[in-house]
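One structure is given here, and the rest of the page talks about it.
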Amino acid sequence: MTAMAQMEIGEALPVIRLQPVSRLDLIRYAGASGDFNSIHTIDEEAENAGLPGIIAHGMWTMGNLAKLFTPYLGEGFIRRYSIRFKGMVFLGDVVSLTATLEEKRSDGMVFAVEAVNQDGRKVLAGDLVFSVEG
Amino acid sequence: MLKAMIGRKSEKTKNVIERGAVKKFAEALGDASPLFTDEEAGKRSGYGRNIAPVTFPVTFDGGSIPGLDLPDKGLIHGEQKYEYARPLFIGEEVYCWMEVKDYYEKAGNFGRMGFLIVVLYGEADSGELLFSEERVIIINEAARKEMER
């Protein structure tokens, strides 16, 4: 793993491909986050809401996406993290997480971040500023 | 109706960042880094203690905004933005409150949607602002009409 500060513009962090989304992942996240909106855990409730099935919490995906930066947390911290939710994540989906360095600024390194599903469709996209300290 | 909510705030509420809650949260995201969960690793790190994952503020109690009563159905989470002065530390107390930053409506393919922007703030005991978490909540036409009744 190279130090974050040595990265060059256009360089990407190692991609993380998540395991297929399981109901237990979402039940666990519901419990840990306190978001018990039942469209994320109970089929009938999702169907009543007009969905084909339960969907992942948007914040589950956003929380996972931040994992790309966890190996670097000894070097600095996430100063800004901004996401637009673009598509739904269903059970069994395989989500890939990417971050590409776009700019080096005085307040930190700006990454374009994305989560895409197995069909290559973006489920969320945004940017993240990582401030290297020391 | 909802427009009148702009600028409205909740009372500050004390939150304590608990070790067990952080561990459970990090594990639920498959992100159990020793920096979050291991006391010794925290002590050896630059901050000298354990930190919380960036999206952990979703667990905070920010109180309730008087008069703002959102329905259970018909809401879509559109955007989410965090800004930090520094990471949050396990064991620290964070005083949180919420504010309605904006509300506007836009016509789209599925009728006239409402866009509600709510910000959760957290400050240290000293009054230093530690983070903000901005949420864009999209309210569909049916839910919006229901709220206006």
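Throughout, read-outs are computed from the coordinates displayed, never taken from laboratory work. What you see is a predicted model, and the numbers here were worked out from it, not measured in a lab. Positions of Cβ are backbone-derived with ideal geometry, glycine not excepted, and every protein chain shown enters the neighbour counts.
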Residues A:SER38, B:SER132, sorted so that the one with the fewest Cβ neighbours within 10 Å comes first: A:SER38, B:SER132
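Can you pull out the GluC sites (Glu not before Pro) in segment A:8-96 that DSSP calls coil and that have at most 15 other Cβ atoms within 10 Å?
Those that pass, being in a loop and sparsely packed, are A:GLU8, A:GLU11.
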Helix B:19-28 sits at what angle to the longest principal axis of chain B, using alpha carbons and giving 0 to 90 degrees rounded to 10? 70
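Please report the orientation-averaged projected area of segment A:13-134, defined via the convex hull of its C-alpha atoms, in nm².
Working: hull surface 31.6 nm².
Mean shadow area of the hull around the Cα atoms is 7.9 nm².
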What is the fewest-to-most order of B:SER10, B:SER45, B:SER64 by other Cβ atoms lying within 10 Å of their Cβ? B:SER64, B:SER45, B:SER10
Filter the cross-link list A:LYS86/B:LYS106; B:LYS24/B:LYS81; A:LYS122/B:LYS14; B:LYS101/B:LYS145; A:LYS104/B:LYS24; A:LYS86/B:LYS9 down to pairs whose alpha-carbon distance in this structure exceeds 26 Å. A:LYS122/B:LYS14; A:LYS104/B:LYS24; A:LYS86/B:LYS9
Highest-fluctuation residue, B:GLY114, B:GLY122, B:GLY48 considered, GNM on chain B with Cα pairs under 10 Å: B:GLY48
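How large is the Kirkwood hydrodynamic radius of the protein assembly as shown, in angstrom, based on all distinct alpha carbon pairs? Before the final figure, lay out the partial values.
On the way: mean 1/r = 0.0507 Å⁻¹.
One decimal place: 19.7 Å for the Kirkwood radius.
Exposure proxy check: A:PHE36, B:PHE56 ranked by fewest other beta carbons within 10 Å?
Details: A:PHE36 11, B:PHE56 25.
Final ranking by Cβ density, sparse to dense: A:PHE36, B:PHE56.
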Would you please give the residues with an amide H less than 5 Å from that of A:GLY76, counting only those at least 5 places away or on a separate chain, with H modeled from the backbone geometry? A:GLU133
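Under a Cβ-Cβ cut-off of 12 Å, what is the net charge of the residues other than B:GLY78 that fall near it, where Lys and Arg count +1 and Asp and Glu count -1? Walk me through the intermediate numbers first.
Numbers: positive: A:ARG84, A:LYS86, B:LYS81, B:LYS106, B:ARG135; negative: B:GLU79, B:GLU134.
Local charge sum for B:GLY78: +3.
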Segment B:58-130: trypsin sites (Lys or Arg not before Pro) in DSSP loop, at most 16 other beta carbons within 10 Å: B:LYS73
Give me the Debye-computed log₁₀ of I(q)/I(0) at q = 0.19, 0.22, 0.24, 0.30 Å⁻¹ for segment B:33-89, equal point scatterers on Cα only, no solvent, two decimals. -0.82, -0.96, -1.05, -1.24
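Before rounding to the nearest 500, sum -39500 (n - 2.57) across all DSSP H runs of length at least 4 in chain A and divide by the residue total; then give [θ] at 222 nm in deg cm²/dmol. Could the numbers behind the result be given before it?
Working: 3 runs with 25 residues, N = 134.
Helix-only estimate at 222 nm: -5000 deg cm²/dmol.
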For segment B:16-118, which chymotrypsin sites (Phe, Trp or Tyr not before Pro) are in a loop by DSSP, counting at most 14 other Cβ atoms within 10 Å? B:PHE110
Can you compute 3J(HN,Hα) from phi for each residue in segment B:71-81, using the Karplus curve 6.51 cos²θ - 1.76 cosθ + 1.60 with θ = phi - 60°, rounded to whole Hz and x for Gly and Pro? x, 6, 10, x, 10, 10, 7, x, 8, 8, 9
